[in-house]
Amino acid sequence: MSHLNVKVAAIEQVTEYVKHFTLVSENGEKLPSFSGGSHVVLALNIKGRIHRNPYSLMSSPLNTENYGVSVRKQELSRGGSVFMHEQIEVGSRFQITYPVNLFSLSKLSHKNILIAGGIGITPFLSQIVDLNRTQTDYELHYAYRSPEHGAFREEIQEMCGDRSHFYVASDGQLIDFNDLLSEQPLGTHVYVCGPEPMVNAMIAAARELGWPEKHIHNEQFTAPQIGESFKVKLAISNIELEVPTDMSMLEAIEEAGVDAPFLCRGGACGRCELEVVACDGSIIHHDNYLTDAEKNSGKKIMPCVSRAKCQNIVVNL
Amino acid sequence: MSQTFKKETFRDDYTFSNSAEAIKRFPFPFPEDEYMYSVNIEPHVKTAVGSVTEFVIDVDEHYVAECEDKKITLERDPDRYLSLPHMMDAQWDTLELIMDSMSHDYPDLFKLTKDGDNWTWINKPLGITNTFVFGDASSLPMDPLKYIGCQAQGDWVVLDQRDNNLFADAAIVTSQADWSLAIDVGMSYQEWHGPVPIANEIGVFDRALKYLLNLQLGSPVRRLNWTMTINPRLDTSPESYPLWGPDRLSITPENVGDKVHLRVELQTLFRLPRSNGIVFGIRGYLISMNELVTNPFWAKRFHRILKGLHPELAEYKGLSFKDVTVDWLSKYDDGTPSQ
């Protein structure tokens with residue numbers, strides 16, 4: 001997998017919990033072009049252990065002199081966002097993956113409804129640039145907790161004009177999905193990124209109204225969660241290892257020196273899928289990739305975010 | 001690098017041939033004595049100096065003649081270039097990829113100057129110079145994919161990614177192994193692979209699609225595929241079938257060495273940056289049986305491949321001349337292990 005070496009050129013405190021980082025390539029060259037909705041995975045060395053966290057690119061795809069990512073501080077996380085907020089400074093260096101897009105705009109859409117909740121606004125900022133450039137019809141609906149949490153509001157107003165709509169929860173403003181989705185022209189696609197309950201509510205409303213499945217898009221990155229430790233046997237490499245409570249299964253496999261495939265590390269892309277040969281307990285699936293049937297079969301696991309509640313699990317790697 | 005380009009034809013009098021150097025670098029595709037479909041995808045990384053994968057895009061001694069043949073095919077059948085309206089970003093991505101690679105790897109032959117969006121492209125072998133605005137199709141004499149596709153060997157299919165699938169929504173195709181762009185344009189991955197026997201049943205296509213949907217920017221991949229062609233002909237399309245189909249019946253023990261060609265496709269796949277599409281390059285290499293047997297190892301192995309080929313594959317590839325070719329090759333196979 002190809003990587004880019006970057007350094008932090010600027011940091012801006014956007015809201016109480018959100019910091020924006022401007023990344024430039026270490027050698028001063030332009031960074032690769034990308035499509036709206038793409039993300040990169042940052043490799044952060046936290047106390048000698050590499051944490052890899054995905055963040056949406058929110059800078060303009062038309063200007064790749066730098067990349068912009070915004071990070072919301074998650075106090076209850078395993079430390080990636082806290083590390084970004086507290087340890088990363090201007091001049092800090094790390095590796096990122098090439099941009100990957102798991103949330104791309106449909107090129108066949110006639111109209112696009114973009115729905116953002118909180119920090120879920122980030123992928124839409126690059127998408128808006130693409131939509132403006134291709135002169136495609138869209139509306140942006142951005143909901144956040146209270147006025148001081150409305151990150152990038154001015155920027156968005158400037159980019160979208162009257163296509164943007166803001167909903168401030170503390171003022172009692174909420175997006176009525178049923179209202180929003182019930183009278184849209186044929187060929188409209190809807191995209192949602194935000195907290196899980198919001199994503200689920202939007203998808204449920206769209207389905208209820210009979211929207212075609214292919215016109216409903218969402219992006220949800222799951223962070224690896226803390227859990228009980230368990231033992232893994234890699235059948236092909238013939239290695240046994242232990243996944244500690246604060247490490248993901250994928251990280252533990254990498255720590256053991258095994259080159260496992262991965263891409264998004266957020267349970268969305270499917271690249272790290274492993275076949276489960278045996279498990280003397282149950283798999284706790286946290287990903288958004290496997291179908292319910294696949295999850296229930298117990299034959300597959302996405303080690304980037306999922307864990308097992310067992311003594312031993314054997315996978316084909 | 002200095003490259004001389006051969007004057008030769010891929011139709012009518014068929015003067016095409018390979019130099020000793022070109023034979024040496026021919027991408028012989030068989031790692032074993034038997035052949036079956038597999039997900040034989042590997043990273044498209046640079047290999048040894050002089051090999052066909054030394055660079056991202058290979059420019060060889062046939063470059064000028066192939067581009068001239070392409071022009072004839074396109075003039076006779078303009079539908080060999082087709083693009084659906086939503087593919088313009090992907091077209092520009094493809095143009096950039098090809099121009100960047102060729103000018104970087106063959107600086108004596110191609111030159112690209114970028115001044116913001118104002119680009120100048122110089123193609124010395126074909127005598128082409130154009131200044132244009134990147135992203136503005138009206139600044140080029142034709143659509144970007146057609147423009148650059150006419151200046152790169154092989155065929156280029158541009159895929160749109162949506163609904164967890166890939167769609168062949170734009171292409172320039174003038175040297176295809178008997179498939180029709182006019183029929184396949186807009187088709188999904190499963191649809192255009194529909195006619196291929198066996199591969200689907202053994203799960204090759206499902207696995208390859210899953211892999212390709214996650215193809216990463218900056219990490220292109222490649223695979224080799226093969227078929228056989230009578231005469232060194234590039235345009236073996238269904239549209240021109242009357243011009244080449246009957247040749248399959250003309251093979252005798254006397255002309256196998258001259259007329260029967262192994263045709264190897266170096267297939268490359270690149271994720272495209274702005275469009276999130278994929279460009280699929282299909283670059284064909286032809287070698288006559290006479291040329292092939294100058295390498296005793298290839299002669300022996302190809303004899304065994306062809307002899308043991310699954311009948312459904314032979315049928316699908318249209319190898320009605322297989323038996324006479326196997327007989328002809330048998331004199332180069334002494335039965336000893338091939339490696």
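No value in this document is a laboratory result; all are computed from the given coordinates. This structure is a prediction, so every number in the text was calculated from the model and none was measured. Note: ideal-geometry Cβ built from the backbone for every residue, glycine included; neighbour counts use all protein chains shown.
What lysines does residue A:300 reach when the alpha-carbon gap must be under 23 Å and sequence neighbours fewer than 8 apart in one chain are set aside?
Here the lysines satisfying the reach criterion relative to residue A:300 are A:231, A:233, A:309, B:210.
In degrees from 0 to 90, rounded to the nearest 10, what is the angle of the helix B:88-105 Cα long axis to the longest principal axis of chain B?
For helix B:88-105, the angle is close to 70 degrees.
Could you list, in their original order, any pairs among A:30/B:114; B:124/B:146; A:47/A:73; B:46/B:307; B:259/B:317; A:73/A:107 whose Cα atoms are separated by more than 22 Å?
Details: A:30/B:114 13 Å; B:124/B:146 18 Å; A:47/A:73 18 Å; B:46/B:307 33 Å; B:259/B:317 17 Å; A:73/A:107 34 Å.
Too far apart for the 22 Å limit: B:46/B:307; A:73/A:107.
Computed on alpha carbon atoms, what radius of gyration and Dmax characterise chain A, expressed in Å?
20.1, 59
Restricting to the stretch A:51-207, compute how many DSSP beta bridges are antiparallel as a %, nearest 5. Walk me through the numbers on the way to the answer.
Numbers: 0 of 18 bridges.
Counting DSSP beta bridges with both partners in the stretch A:51-207, the antiparallel share is about 0 percent.
Considering only DSSP beta bridges where both residues belong to the stretch A:119-271, give the percentage that are antiparallel (nearest 5).
35
Could you give each residue of the stretch B:264-271 its phi-based ³J(HN,Hα) in whole Hz, using Karplus coefficients 6.51, -1.76, 1.60 with θ = phi - 60°, and x for Gly or Pro?
Rounded to whole hertz, the list is 10, 9, 8, 9, 10, 10, 10, 6.
How far apart, in nanometres, would the label points at residue B:79 and residue B:323 be if each is projected 7 angstrom from Cα along the Cα-to-Cβ direction?
3.6
Hey, with R₀ at 22 Å, roughly what FRET efficiency would residue A:89 and residue A:148 work out to, going by the Cβ-Cβ distance, to 0.05?
On the way: r = 25 Å, r/R0 = 1.12.
After rounding to 0.05, the efficiency reads 0.35.
Quick one: what are the phi-derived ³J(HN,Hα) couplings along the stretch B:49-60, Karplus 6.51/-1.76/1.60 with θ = phi - 60°, whole Hz, x for glycine and proline?
4, x, 7, 6, 10, 5, 10, 4, 10, 8, 10, 10
In nm, give the distance between the simple-model label positions of residue A:204 and residue B:255, each being 7 Å from the Cα along the Cα-to-Cβ direction.
7.3
Under 5 Å between amide H atoms, partner at least 5 residues away or on a different chain: which partners does residue A:239 have, H built in plane at 1.01 Å?
For residue A:239, whose amide H was placed from the backbone, the distant partners under 5 Å are A:234.
Roughly speaking, what is the centre-to-centre gap between the stretch B:226-242 and the stretch A:249-300 when only Cα atoms are used, to the nearest Å?
45
I need the per residue convex hull volume for the stretch A:111-219, using only the alpha carbons, in cubic angstrom as a whole number. Numbers along the way, then the final one.
Values: hull volume 10.7 nm³, N = 109.
Dividing the Cα hull volume of the stretch A:111-219 by its residues yields 98 Å³.
How large is log10 of I(q)/I(0) for the stretch B:144-222 at q = 0.12, 0.21 Å⁻¹ when the intensity is taken from the Debye formula with one equal scatterer per alpha-carbon?
Each listed q maps to, in turn, -0.39, -1.17.
Direction-averaged shadow area of the convex hull around the Cα atoms of the stretch A:230-315, nm²? Working shown, then result.
Values: hull surface 19.2 nm².
Averaged projected area of the stretch A:230-315's Cα convex hull equals 4.8 nm².
Students often get this wrong: which residues of the stretch A:80-103 have the backbone nitrogen under 18 Å from the point 7 angstrom along Cα-to-C-beta of residue B:219?
Counting backbone N atoms under 18 Å from the label point, the list is A:95-103.
Percent relative contact order of the stretch B:78-159, based on C-alpha pairs within less than 8 angstrom and at least six residues apart?
Working: 81 pairs, mean separation 20.6, N = 82.
That works out to 25 percent.
Got the relative contact order for the stretch A:111-219 handy, in percent, Cα pairs under 8 Å and 6 or more residues apart? Show your work: numbers first, answer last.
On the way: 155 pairs, mean separation 35.3, N = 109.
That works out to 32 percent.
Looking at chain A only, what percent of DSSP beta bridges run antiparallel? Nearest 5 please.
Here the antiparallel bridges make up roughly 60 percent for chain A.
Cβ neighbours within 10 Å, averaged per peptide: list A:188-195, A:18-25, A:47-54 in order, most packed at the top. Walk me through the numbers before you get to the answer.
Details: A:188-195: 22.8, A:18-25: 20.2, A:47-54: 16.6.
Top to bottom by mean Cβ count within 10 Å: A:188-195, A:18-25, A:47-54.
Rank B:183, B:287, B:305 by mean-square fluctuation in a GNM of chain B with C-alpha springs under 10 angstrom and give only the top-ranked residue.
B:183
In debye, nearest 20: dipole of the protein assembly as shown around its Cα centre with unit charges on the Cβ of K, R (+) and D, E (-)? It would help to have the intermediate numbers written out before the result.
Numbers: 60 positive and 88 negative charges, 208 e Å.
Once rounded to the nearest 20, the dipole reads 1000 debye.
Shielding of A:99-108 by partners, i.e. mean partner chain Cβ atoms within 10 Å per residue? Write out the running numbers ahead of the final one.
On the way: counts 6, 6, 6, 3, 1, 6, 2, 4, 15, 8.
Partner Cβ neighbours, averaged per residue: 6.
What does the charge count near residue A:43 come to, summing +1 for each Lys or Arg and -1 for each Asp or Glu among other residues with Cβ under 13 Å from its Cβ? Could the numbers behind the result be given before it?
Details: positive: A:49, A:52, A:93, A:265; negative: A:251, A:254.
Taking every Cβ under 13 Å from that of residue A:43, the sum is +2.
Extending each Cα 7 Å along its Cβ direction at residue A:169 and residue B:316, get the distance between those two points in nm, one decimal.
5.4
Can you give me the angle between helix A:196-208 and the longest principal axis of chain A, using Cα atoms only, in degrees from 0 to 90, rounded to the nearest 10?
Here the helix axis deviates by roughly 70 degrees.
Check the straight Cα-Cα distances from residue B:7 and name the aspartates and glutamates below 13 Å, setting aside those fewer than 8 residues away within the same chain.
Qualifying aspartates and glutamates at Cα under 13 Å: B:60, B:61, B:66, B:68, B:69.
Determine, from the Cβ-Cβ distance of residue A:62 and residue B:3 and an R0 of 41 Å, the FRET efficiency 1/(1 + (r/R0)^6), rounded to the nearest 0.05. Could you put the intermediate results ahead of the total?
Working: r = 36 Å, r/R0 = 0.89.
After rounding to 0.05, the efficiency reads 0.65.
Is it possible to state the helix-based mean residue ellipticity at 222 nm for chain A, with each DSSP H run of 4+ residues giving -39500 (n - 2.57), the sum divided by total residues, to the nearest 500 deg cm²/dmol? What is it?
Numbers: 7 runs with 60 residues, N = 317.
Dividing the helical sum by the residues of chain A leaves -5000 deg cm²/dmol.
Just need the relative contact order of chain B here, percent rounded to a whole number, with Cα pairs under 8 Å and 6+ apart.
Relative CO of chain B lands at 20 percent.
Straight distance only, please: which aspartates and glutamates reach the Cα of residue A:214 with their own Cα at less than 15 Å, same-chain residues fewer than 8 apart left out?
Hits, sequence-local ones excluded: B:160, B:163.
Along its three principal axes, how long is chain B when you only count alpha carbons? Whole Å, largest extent first please.
Reported extents, whole Å, longest axis first: 62, 44, 40.
Summing +1 for each Lys or Arg and -1 for each Asp or Glu, what net charge is found among the other residues whose Cβ lies under 14 Å from the Cβ of residue A:233? Spell out each step's value before the answer.
On the way: positive: A:231; negative: A:240, A:242, A:275, A:280.
Local net charge: -3.
Find out how many positive minus negative residues lie around residue B:333, taking Lys and Arg as positive, Asp and Glu as negative, among other residues whose Cβ is under 12 Å from that of residue B:333. Working shown, then result.
On the way: positive: B:300, B:301, B:304, B:307, B:331; negative: B:33, B:327, B:334.
Result for the neighbourhood of residue B:333: +2.
When you count, for each residue, the other Cβ atoms within 10 Å and take the mean per peptide, how do B:229-238, A:134-143 rank with the highest first? Each step should come with its number before you reach the end.
Details: B:229-238: 21.4, A:134-143: 18.3.
Listed from highest to lowest mean packing, they are B:229-238, A:134-143.
Can you tell me the 0 to 90 degree angle between the C-alpha axis of helix B:63-76 and the longest principal axis of chain B, rounded to 10?
80
Which Rg and Dmax, in Å, describe the Cα atoms of the protein assembly as shown?
Answer for the protein assembly as shown, Rg first and Dmax second: 27.1, 89 Å.
Applying a 10 Å radius around every beta-carbon, put B:218-227, A:58-67 in order of their mean neighbour count, most first.
By packing density, highest mean first, the sequence is A:58-67, B:218-227.
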